[in-house]
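Please treat every number below as a calculation from the coordinates, not as lab data. Source: prediction; values computed, not measured. As a convention, Cβ positions derive from the backbone with ideal geometry for all residues, glycine included, and neighbour counts pool all protein chains shown.
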Amino acid sequence: MGALRARFWELPLAELSREEWESLCDGCGRCCLHKIEDADTGEIADTNVACKLLDTDTARCSDYRHRKAYVPDCLRLTLKIVDQVEWLPETCAYRRRAAGEPLPEWHHLLTGDRDAVHRAGASVAGRVISEREAGPLEHHIVDWDET
Ligand code: SF4
């Protein structure tokens, strides 16, 4: 892994190395939840149903390295699409930096604490159900801004 530059998270996203880009993710797990798109309006509803690879207690992917083999449509957030993914939470470091905003104060790059995201209530750890058990997605619509 290459060296991460001091305070690289204050640089424009386009200037980040691959390692710096990857380390921006706070591990909230919101990427790993199913969404339902209304076929007519294009509106997106959130659910509390997690990808089968997500460890629902920790909000970490249980096989990050091989995830594409098991889940071909796993979202890979890139500079090109970061502005188009409208369901990214307000706290998401990519969304915030794309908008020129600072990281949330509990972000692990600022605090050195990867559990702070959970204490801040920004992660899905312990609040979701695996798709292996959930049944129909329509029964699991939630508003994450109000949970
Ligand atoms: S929403 Fe942002 S911070 Fe959360 S898991 Fe996805 S990329 Fe990482």
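Report the extension gain between CYS25 and GLU146 in nm, rounded to one decimal, defined as 0.36 nm multiplied by the number of residues separating them, less their alpha carbon distance.
Residue separation times 0.36 nm, minus the Cα-Cα distance, leaves 41.3 nm.
Please state the charge dipole magnitude for segment 15-146, taken about the Cα centre, from unit charges on C-beta atoms (+1 on K and R, -1 on D and E), reported in debye and rounded to the nearest 20.
Charge dipole of segment 15-146: 640 debye, to the nearest 20.
For the residue pair GLU86 and ARG18, what label-to-label distance in nm results when each label sits 7 Å from Cα along the Cα-to-beta-carbon direction?
3.2 nm
Suppose the Debye formula is applied to equal point scatterers at every Cα of the chain; what is log10 I(q)/I(0) at q = 0.12, 0.21 Å⁻¹?
-0.52, -1.54
Place a point 7 Å from the Cα of THR111 along the Cα-to-Cβ direction; which residues of segment 1-30 have their backbone N under 13 Å from it?
26-28, by backbone N distance to the label point.
How large is ³J(HN,Hα), in whole Hz, for each residue of segment 109-118 in order, when computed from phi with the Karplus curve 6.51 cos²θ - 1.76 cosθ + 1.60 and θ = phi - 60°, using x for Gly and Pro?
These are the phi-based 3J(HN,Hα) values: 5, 8, 9, x, 10, 6, 8, 4, 4, 6 Hz.
Given the rule -39500 (n - 2.57) for each run of at least 4 DSSP H residues, summed and divided by the residues of the chain, what is its mean residue ellipticity at 222 nm, to the nearest 500 deg cm²/dmol?
-3500 deg cm²/dmol
Report the label-to-label distance for LYS35 and GLU133 in nanometres (one decimal), using points 7 Å from each Cα along the Cα→Cβ vector.
If labels sit at LYS35 and GLU133, their model points lie 2.6 nm apart.
Lys/Arg Cβ at +1, Asp/Glu Cβ at -1, dipole of the chain taken about the Cα centre: which of LEU54, PRO89, GLY42 is farthest positive-ward?
The one lying farthest along the dipole's positive direction is LEU54.
Calculate, axis by axis, the spread of Cα positions in segment 52-101 along the three principal axes, and write the results as whole Å, longest axis first.
Cα spread of segment 52-101 along its principal axes, largest to smallest: 33, 24, 16 Å.
Using a simple spin-label model with points 7 Å from Cα along the Cα→Cβ vector, what separation in nm is obtained for ALA45 and ALA3?
The two pseudo-label positions are separated by 5.1 nm.
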